[in-house]
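K.L.:
The structure under discussion is supplied below as structure tokens; questions concerning it will follow.
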Amino acid sequence: MIDKAGTFKLGDRVVKRFGYGAMQLAGPGVFGPPKDRDGAIGVLREAVASGVNHIDTSDYYGPHVTNHLIREALHPYSDDLVIVTKIGGRRGPDASWAPAMAPADLESAVHDNLRHLELDALDVVNLRIMGKVHAPSEGSIEQPLTVLAELQQQGLVRHIGLSNVTPTQIAQGRRICEIVCVQNMYNVARRRDDSFIDHLARRGIAYVPFFPLGGFTPLQSSALDAVAADLQATPMQVALAWLLHRSPNILLIPGTSSIGHLRENLSAASLRLPAETIASLDSIGRDPKSP
């Protein structure tokens, strides 16, 4: 089913454009264990059985929870599975999110991900710039990225990506090491990165939108609802299909803790959007009333 979405190169690997994000497998607020551990493991196994070969995670989800679940559900991993993790943050005992960008923090995070996923090397590590949490802010990333590049030279990390960054930071990052992907907030209603996506596509760099369905505040749009009704699909399926249409370098990692919702998401790969539908959806991001 997801083969219809096509593939894109991520580092030295080719992945299907429809992947899976593990964040929602942790407890409420991405903190603590899942309510249904067996169900979470079942979702991961169903994703891989459905053809997903790109899973996004982080050791600060839980913390440690999603990586433990991935290892339990999928280890030993299939040869074509690419696990992408991220570092640069930590969780406080009160479930708060805080930057963790000191060299010792970054080194510890890489080793924690290796240990909890039971890997000798991490396929892709995204350096998450905490900044405004869900929006990038300018500032040098040279120091933390240099630490990550040194860990790559040691063979602990195969490829490096950046998350929550600006075009200026990408330019700086590419002077330090190869950047294979960018993870920023983007969806049909939040389109700040439109020109950035096109810039990355011309350079063969993958763009992975986080919160593709709105995140903790699900997308709400009358235009989206109307298109979904016309296509006999759900609004979320339409939003995912629009992202696949938006640019060939976009990789999707929608998350869910439900097998039924997972299957619903993956079926968006088969949804075809007529030209007039795309025009209607494009207008959502230009509407100042859109959330």
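The values are calculated or read from the model by the stated rules, or taken from the named source; none is laboratory data. None of the values given here were measured: they were computed from a predicted structure. Here the Cβ positions follow ideal geometry from the backbone for every residue, glycine too, while neighbour counts run over all protein chains shown. SASA here: full protein model, heavy atoms, side chains in, ligands and nucleic acids out. Shrake-Rupley method; radii C 1.70, N 1.55, O 1.52, S 1.80 Å.
K.L.:
Roughly to the nearest percent, how much of the accessible area of segment 1-156 is carbon and sulfur, given a 1.4 Å probe?
P.N.:
Numbers: 3390 of 6720 Å².
Here it works out to 50 percent.
K.L.:
Still on this structure, I have one more. Cα gyration tensor of segment 185-291, axes a ≥ b ≥ c as square roots of the eigenvalues: rounded (a/c below 1.5), prolate (a/b > b/c) or oblate? Write down the numbers at each step before the final one.
P.N.:
Numbers: a/c = 1.42, a/b = 1.16, b/c = 1.22.
Rounded shape, in that the Cα axes give a/c under 1.5.
K.L.:
To continue, here is another question. Within 11 Å, Cβ to Cβ, of L219, how many net charges do the neighbouring residues add up to if Lys/Arg are +1 and Asp/Glu are -1? Please report the intermediate quantities before stating the final value.
P.N.:
Numbers: positive: R190; negative: D225.
Combined, the nearby Lys, Arg, Asp and Glu give 0.
K.L.:
Treat every Asp and Glu Cβ in the chain as -1 and every Lys and Arg Cβ as +1, leave all other atoms uncharged, and give the resulting dipole magnitude about the Cα centre to the nearest 20 debye. Each step should come with its number before you reach the end.
P.N.:
Values: 28 positive and 30 negative charges, 93 e Å.
Result for the chain is approximately 440 debye, rounded to the nearest 20.
K.L.:
Let me ask another. So what is Rg over Rh here for segment 40-189, counting just Cα atoms and using Kirkwood for Rh?
P.N.:
Values: Rg = 15.2 Å, Rh = 15.8 Å.
Rg divided by Rh gives 0.96.
K.L.:
Let me ask something additional. For segment 1-122, with the dipole built from +1 on Lys and Arg beta-carbon atoms and -1 on Asp and Glu ones, taken about the Cα centre, which of H68, P99, V43 lies farthest toward the positive end?
P.N.:
My answer, from the dipole projection, is V43.
K.L.:
Extent of segment 82-141 along each principal axis, from alpha carbon coordinates, in Å, largest to smallest?
P.N.:
Ordered largest first, segment 82-141 gives principal extents of 33, 26, 21 Å.
K.L.:
Of N53, H111, M130, which is farthest along the charge dipole of the chain in the positive direction, counting Lys and Arg as +1 and Asp and Glu as -1 at C-beta?
P.N.:
Final value for the positive-end residue is M130.
K.L.:
Given the pairs K9/K132; K4/K86; K16/K86, which are separated by over 24 angstrom at their Cα positions? Mind dumping the intermediate values first?
P.N.:
Details: K9/K132 29 Å; K4/K86 28 Å; K16/K86 20 Å.
Those over the limit are K9/K132; K4/K86.
K.L.:
Counting only heavy atoms of protein chains, what accessible area per residue, in Å², does the chain have with a probe of 1.4 Å?
P.N.:
On a per-residue basis, the chain sits at 43 Å².
K.L.:
Give me the distance in nm between label points sitting 7 Å out from Cα along the Cα-to-Cβ direction at H199 and S222, one decimal.
P.N.:
3.6
K.L.:
Something else now. Going 7 Å from the Cα of E150 toward and past its Cβ, which residues in segment 80-122 have a backbone nitrogen under 16 Å from where you end up?
P.N.:
It comes to 101-111, nothing else.
K.L.:
So if R0 is 45 Å, what FRET efficiency would E118 and E276 give, r being the distance between their Cβ atoms, rounded to the nearest 0.05?
P.N.:
Details: r = 49 Å, r/R0 = 1.09.
E(calc), rounded to 0.05, equals 0.35.
K.L.:
I need the Kirkwood Rh of the chain: take the reciprocal of the average 1/r across all distinct C-alpha pairs and report it in angstrom.
P.N.:
Working: mean 1/r = 0.0523 Å⁻¹.
Answer for the chain: a Kirkwood hydrodynamic radius of 19.1 Å.
K.L.:
Show me the three semi-axes of the equivalent ellipsoid for segment 42-89, from the C-alpha gyration tensor (sqrt of 5 times each eigenvalue), largest first, rounded to whole Å.
P.N.:
Details: eigenvalues 71, 27, 16 Å².
The three semi-axes for segment 42-89 are 19, 12, 9 Å.
K.L.:
Calculate how many DSSP beta bridges within the chain are antiparallel, expressed in % of all such bridges and rounded to the nearest 5. Show your work: numbers first, answer last.
P.N.:
Working: 8 of 35 bridges.
The answer is about 25 percent antiparallel.
K.L.:
Top to bottom by accessible area (1.4 Å), largest first, where do D225, D123, D282 land?
P.N.:
Working: D225 80, D123 15, D282 45 Å².
Most to least solvent-accessible, the answer reads D225, D282, D123.
K.L.:
P(r) for segment 109-207, please, calculated from all Cα pair distances in 10 Å bins and given in %.
P.N.:
P(r) for segment 109-207, in whole percents per bin: 15, 47, 31, 8, 0.
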